[in-house]
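Okay, so here's the structure we're looking at.
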Amino acid sequence: MSLAHEEVLSHPDHDIPLEYSTEDGVLKIFGFWIFLATDLILFACLFSMYQILHLNTAGGPTEQDLYNVPEFMAETLILLVSSFTCGLATLEMRKGHRGALMAWLIVTVLLGLSFIFLEVREFVDYVGRGATMQRSAFLSSFFTLVGTHGCHVSLGILWMLSILYQLGRRGIQAITARKVFIVGLYWHFLDVVWVFIFTVVYLQGVMH
Amino acid sequence: MALPGYVGNAPTSFFVTGDPMIYASDVLIVLTVIGIVFVLTYYKKWGWLWREWLTTVDHKKIGIMYLIAALLMLFRGGTDAVLMRTQLALPNMHFLEAEHYDQIFTTHGTIMILFMAMPLVFAMMNIAVPLQIGARDVAFPYLNAISFWLFFFGALLLNLSFVIGGSPDGGWTSYPPLVENPTDPGPGENFYLLALQISGIGSMATGINFLVTILKMRAPGMTLMRMPLFCWSILATSILIIFSFPALTIALALVLIDRLFDAHFFTMLQGGNPMMYINLFWVWGHPEVYIVVLPAFGIFSEVIATFSRKRTFGYSSMVASMLAIAVISYLVWLHHFFTMGAGPGVNTFFAISTMCVGIPTGVKVFNWLFTMYQGRIRMTVPMLWSIGFIPTFAIGGATGVMLAVAPADYQYHNSYFLIAHFHQTLIGGVVYGMFAGLYYWWPKMFGFILNERIGRWAFWFFNIGFYVCFLPQYQLGFMGMTRRIYVYPAGMGWTALNLISTIGAYLMAVGFVLIVVDILYSIRYGERDVTGDPWDGRTLEWSLPSPAPHYNFARIPTVTARDAWWVMKGERKRGEVKRELEPLEPIHMPNNSGRPFILSVLFFLGGFGLVFEWYWLAIPSGIGVMVCLLLRSLEYNMDHYIPVSEIKRTEAALGRS
Amino acid sequence: MGLVVSIVLTLLALWVVQAHALSHAMLLAVILVLAVLQIVVQLAFFMHFTESAGPRYHVSALALGFVFTFCIVAGSIWIMTFGGTQPY
Ligand code: HEM
Ligand SMILES: [Cu+2]
C-alpha cells in the first residue's frame, strides 16, 4: 500500500507481468501465498483427524460401502481439468486477451459448478443411505473434510464470478490482473487439496 | 440428561440470575454504558469517535486501541485471579461455590492468554514495528483494522457470557468429552468456542500482515540483519501464528460441530476420540506460548541495549536462537499430555525435544547479561522490568525442564507445581515484557513520559508480590494440591502456604492499581516529550516526533547499519555528512473505512446467534459478512495522496524541517 | 502439458490401487508419492511458483509450511496410534 520504494516498481518494464507492476500487487500476491500456507495447515489437521477416525465406523457404513470409483474419478477429473483451464486463463491474461481470459474463466466456473453438483449428489446419496454425519466418527470426519473443501470451491466460484464482473467493467489492468492471478492460485491450491482427498479418502478407502 | 437450570440444551433464563455478585456487575455494566453514552453525547464526540477511531486504519491508533482493550482485559482477568485466591486463602471457604469457581478459572485463563496477552503483544507490534523498519504503515492497513475489530468483538462475546447465558466452565483448555453436550449443556461453552474462533481469525490475519510487512516493507538499506531485534521477534512470532492458529481453528470448529450438529469427533460414543482434541489443541497451544513470549524477548533486547548504551551483545546468535525456538516449538506439543501415556518412544522424543528449547533460551539470557556487562546502565522503569524478568524467567525455565522429564511429570501434572511454573513464565516473561514495552514506548504513543517514581513503586509491589504468590505454589504442588480445586480441607498442611500465596496476589493487585494510577497521574502531570527521543534511543522510531505524524516518515530514511538512529545521531554529532535533504514528495496513504467495524459487528451477531442456536440471526449475519467482503472487492478508490504543502505544514508544526 | 501429466498421475494411482499388486503399506506409500508429484505439477505448471518481485520469500514460506504440515500429520498419527502400536 504505502511503501518506501514505491518508485522502483511503478514504471514497469515489459518483463514484469501486470499483476506485479504495483507495490500493492506485489504485497497482496505474497500475502496470499502466506494465506495458502495457513490453509494448508488447516487441511493438514482435518486430514490427520480423518486418518485417525476413518476406521471408527461404530457399526455403521464403512468406506467400502460408500465410495464409488466412477463417481469420485469423475469428480477428480473435472477438478483437474478446471485447474488446467484456470491456468490457461492466467496465460491469456498475460497476453492481454480479455475475451479469451473471460472465456476460460467461465469454463472454469462451469466445471467448478459441475464438481459441486456431483459432490452434493454424492452427499445426498450417502445421507439417503443412512450415512449421516451423526452416524459415526468416520462419517463426521468424512463430511467435514470433504465438505470443507467443497465450501472452499463454492467460495472460489462466487469469487470468480465477482472477478468476471469486474473484468467486464474494467478490463485487464493492474488490479484486475492481480485478482485473476490470486484467484488462480486459490483454485490450483484447491486442486492440490483434492488430489490428497482423492488419495487419502477415496483411494485408501477402496483398497483392501 | 438435562442438568438443573436447563431445558434440553437451553438455559431456563436468558440472563444469568441468582448470584448477587452478578447482579452487582449487571448494574455496573448498565451504569458504565449509560455513562459513556452520556459523555459522548454531551461533548458531541460521536462523530469524532467514528472518524478518528472506529474507522481508522492507522497502525498507531490501532495499537493504542489494542492497548486499552488489553489493559481492561487484564483488569477483568486479574479480578478473577484475586477472587480465586481469596477463595483459596483458607480451608473450607464458601466465598465462591464450585460452579462459580469453575467459571472463574476458565474465564481467567482464557482471557489472560487470548484477550490480554495476545492483544498486548499486538499493541506493541502495531505501535513499534512499522516505525522501526521505516515504513508508513503495515502492508495491509485495512486488514489490520479488521483484525483489531474481530479481536474486540470476540472479547466482547466472551465477556458477555458473564451476564447473558452463563460463562464457560470447562477450563481454558476446554477438553472434551467434558465439554460435549451431555455433560456441559447451555450456551457457556459455545461462547468460548465462538469468541475464540472470531478473534482467532483476526490473529491469523495479523500474523500474515506483519510477516509481509517485515519482509517486504523495510526502508532502503535495512537488510534483515540490520533489523532491530524486536522486529525479528515479531517475524518469528508471525511465523508461529501463521502455522499454528489453523490447528486451533480446527479443534474449536470440530467441538462446535459436535455440539451444534451432534457429530462424533470427540464424544465417547460412536467411535469419537477425545484425545485427538487434546492433540490438536496443543499443536496450537505450545506455539502459542512462544507467540506471546518471543515479542517480550524482543522488547527486553531493545530496552536492555538502550539503557546500557551498548549494542546488543551477540546479535546474530539472538536472531538464530529466536528462529530455533520458533521451529523447535512445533516439535514439543506432547509435553502437555505426557500422562495420556502414548508410550515410551513418543514420550521420550517429546521430552528431549522440549529440553532442547532450553538451549536457545539460555543463549538469549546470557546475551542480555553480556549486553549489560560494562554498560552504562540507567535504572529506568522499563529497565527494572527487564532486569526483574531475568531471574523469574530463569526459575520458570528451570521448573519447565523439570516438567519436561516425562516420568516425573506424572507427579507434577495438573498440580500447583504446574500452575506456579506457567505463571512464572507467563507473568515473568510476557507481562513483565509488555510492561517494559508499555513504559518504553509510552512517550512515542502519547507524547509524555510516565512518572518514574510511581512506576518504581508499582514494579516493586508487583515483583515482590509475584514471588510471594507463586513460590509457595511449587511447594503446594509437591504436597499434592491439584489445580482447579475450589476448596480444600484443613489439616492437609496447605493452609499457611495458601494464605501466603493469597497475600502475594493482593500485592500484585496493588502493583497493577499503581500502574493505572501512574497513567492517570502522568496524563495530567507527566513530563512532555518534546525531542521525540526521551531515552536516547537506538532505533528509527526515536527519530520521529512523539507522537509520530500519521504518515510516520516525511522522508523515508536510508539505513546504513544496525541501530540506525544511533548511527545517524553519531554522524550528526561529529558533523559528518550533512546530506542534502531530498525534496518532499506526496505521500500515498490508505483511506479510512467503516467496513472493518461493521464486518466485525456482523461476525459478533453471527457468533451470538450460533451460541444460542438462533439461526434466524446467524444466517443473515453470515450473508452480511459475505456482502461486506464483496463490497470491498468492488471498491477501487482505496487510497489518497497527502500533498507536499500539507506535509510541510505538519512537519513545521512538529518543529521539524 | 500440465494437464496431461496430472491426469496420467491420477490414473496411475487408480490403477495401482485396483491392481492389488502391492501390500497395504507399500500401496499407501506409492499413492502418497504420486499425490506429492501432483503438487509439484501444479506448482510448476500452473501456479508460477518461481515468479516474484524481489526475494522469493514465498518459496521459503511454503517450504516451511510443508515441513510443519508433515510434522503435524505424522506427529499426530504417531501420537494417536500410541507410537504405532494401535491400528488406524
Ligand atoms: C495477578 C496475577 C495472577 C494470579 C494471582 C493468578 C492466579 C491464578 C489462579 C488462582 C488460577 C487457578 C488455579 C486453579 O484453580 O486451577 C490460575 C489459572 C490460570 N492462569 Fe492465572 N493468575 C495470574 C495471572 C495470570 C496471567 C498473566 C496469565 C497468562 C498470561 C494467567 C494464565 C492462567 C491460566 C492459563 C490458568 C489456567 C486456567 C485453567 O485451569 O483452565 N494467569 N491463575
Ligand atoms: Cu508447551
(request) Among the candidates B:E585, B:E635, single out the residue that is acidic (D, E), closer than 28 Å to B:S147 by Cα and within 14 Å of chain A (Cβ to nearest Cβ). (result) B:E635
(request) Just need a number here: residues in the stretch B:341-360 that are at the interface with chain C (Cβ under 8 Å from one of its Cβ atoms) and either small (G, A, S) or touching a residue at least 24 places away in the same chain (Cβ under 8 Å) (or both). (result) 4
(request) State which residue pairs qualify: first residue under 17 Å from C:V8 (Cβ atoms) and within 9 Å of chain C (Cβ to nearest Cβ) and inside the stretch A:74-88, second residue among the polar types (S, T, N, Q) and part of a helix (DSSP H, G or I) in any location, beta carbons under 7 Å apart, and separation of 6 or more residues or different chains. (result) A:T76/C:T10; A:L80/C:S6; A:L80/C:T10; A:S83/C:Q42
(message) Being hydrophobic (A, V, I, L, M, F, W, C), within 11 Å of ligand 1 (Cβ to nearest atom) and either in a loop (DSSP other than H, G, I, E, B) or under 15 Å from B:T79 (Cβ atoms) (or both) is the filter here; which residues of the stretch B:486-529 pass it?
(response) B:V487, B:A505, B:M508, B:A509, B:V510, B:F512
(message) Looking at the stretch B:119-129, can you tell me whether even one residue there is within 16 Å of ligand 1 (Cβ to nearest atom), among the small types (G, A, S) and buried (at least 24 other Cβ atoms within 10 Å of the Cβ)?
(response) yes
(request) Return the only residue of B:E288, B:E302 being of a type in the set (D, E) and closer than 24 Å to B:G200 by Cβ. (result) B:E288
(request) Look at B:Y23 and say whether it is surrounded by 14 or more Cβ atoms within 10 Å (Cβ to Cβ), hydroxyl-bearing (S, T, Y) and at pLDDT 85 or above. (result) no
(request) Test B:L150 against the criterion of being farther than 29 Å from B:F512 by Cα, part of a helix (DSSP H, G or I) and at pLDDT 95 or above, and give yes or no. (result) no
(request) Among the residues of the stretch B:238-279, count how many are within 14 Å of ligand 2 (Cβ to nearest atom) and either at the interface with chain A (Cβ under 9 Å from one of its Cβ atoms) or more than 18 Å from the chain's Cα centre (by Cα) (or both). (result) 4
(message) Restricting to the stretch B:513-566, count the residues that are acidic (D, E) and in contact with a Ser or Thr (Cβ under 6 Å, 6 or more places away or on another chain).
(response) 1
(request) For A:I52, state whether it is part of a helix (DSSP H, G or I), farther than 15 Å from A:I197 by Cβ, within 17 Å of the chain's Cα centre (by Cα) and within 7 Å of chain B (Cβ to nearest Cβ). (result) no
(request) Given the conditions (1) modelled with pLDDT of 85 or more; (2) surrounded by 13 or more Cβ atoms within 10 Å (Cβ to Cβ); (3) more than 9 Å from chain A (Cβ to nearest Cβ), report the number of the one that C:L12 does not fulfil. (result) (1)
(request) Residue by residue through the stretch A:16-47, note down the ones that are within 25 Å of B:S244 (Cα to Cα), out of contact with any Gly (no Cβ under 9 Å at 6 or more places or on another chain) and more than 7 Å from every other protein chain (Cβ to nearest Cβ). (result) A:K28, A:I29, A:F32, A:D39, A:F43
(request) Working only within the stretch B:209-227, note down all residues that are assigned to a helix (DSSP H, G or I) and within 18 Å of B:K60 (Cα to Cα). (result) B:N209, B:F210, B:L211, B:V212, B:T213, B:I214
(request) Pull up the stretch B:406-424, narrow it to residues that are away from ligand 1 (no atom under 13 Å from the Cβ) and not aliphatic (A, V, I, L, M), then point me to the one that is farthest from B:A505 (Cα to Cα). (result) B:P407
(message) I'd like the full set of residues that are more than 9 Å from chain C (Cβ to nearest Cβ) and within 13 Å of ligand 2 (Cβ to nearest atom), limited to the stretch B:326-336.
(response) B:I328, B:S329, B:V332, B:H335, B:H336
(request) Return yes when A:A100 is in contact with an Asp or Glu (Cβ under 6 Å, 6 or more places away or on another chain), farther than 14 Å from A:Y202 by Cβ and surrounded by fewer than 23 Cβ atoms within 10 Å (Cβ to Cβ) and no when it is not. (result) yes
(request) Output the number of the condition that B:M508 fails; it satisfies all remaining conditions of (1) modelled with pLDDT of 95 or more; (2) surrounded by fewer than 21 Cβ atoms within 10 Å (Cβ to Cβ). (result) (2)
(request) Mind telling me which of the residues B:I113, B:I127 ends up being within 16 Å of ligand 2 (Cβ to nearest atom) and in a helix (DSSP H, G or I)? (result) B:I113
(request) Tell me which residues, restricted to the stretch A:154-194, are touching a residue at least 12 places away in the same chain (Cβ under 8 Å) and within 9 Å of another protein chain (Cβ to nearest Cβ). (result) A:W159, A:I163, A:Q166, A:I175, A:K179, A:F181, A:G184, A:L185, A:W187, A:H188, A:F189, A:D191
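The values are calculated or read from the model by the stated rules, or taken from the named source; none is laboratory data. What you see is a predicted model, and the numbers here were worked out from it, not measured in a lab. Here the Cβ is made from the backbone with ideal geometry for all residues, glycine too, and neighbour counts use every protein chain on show.
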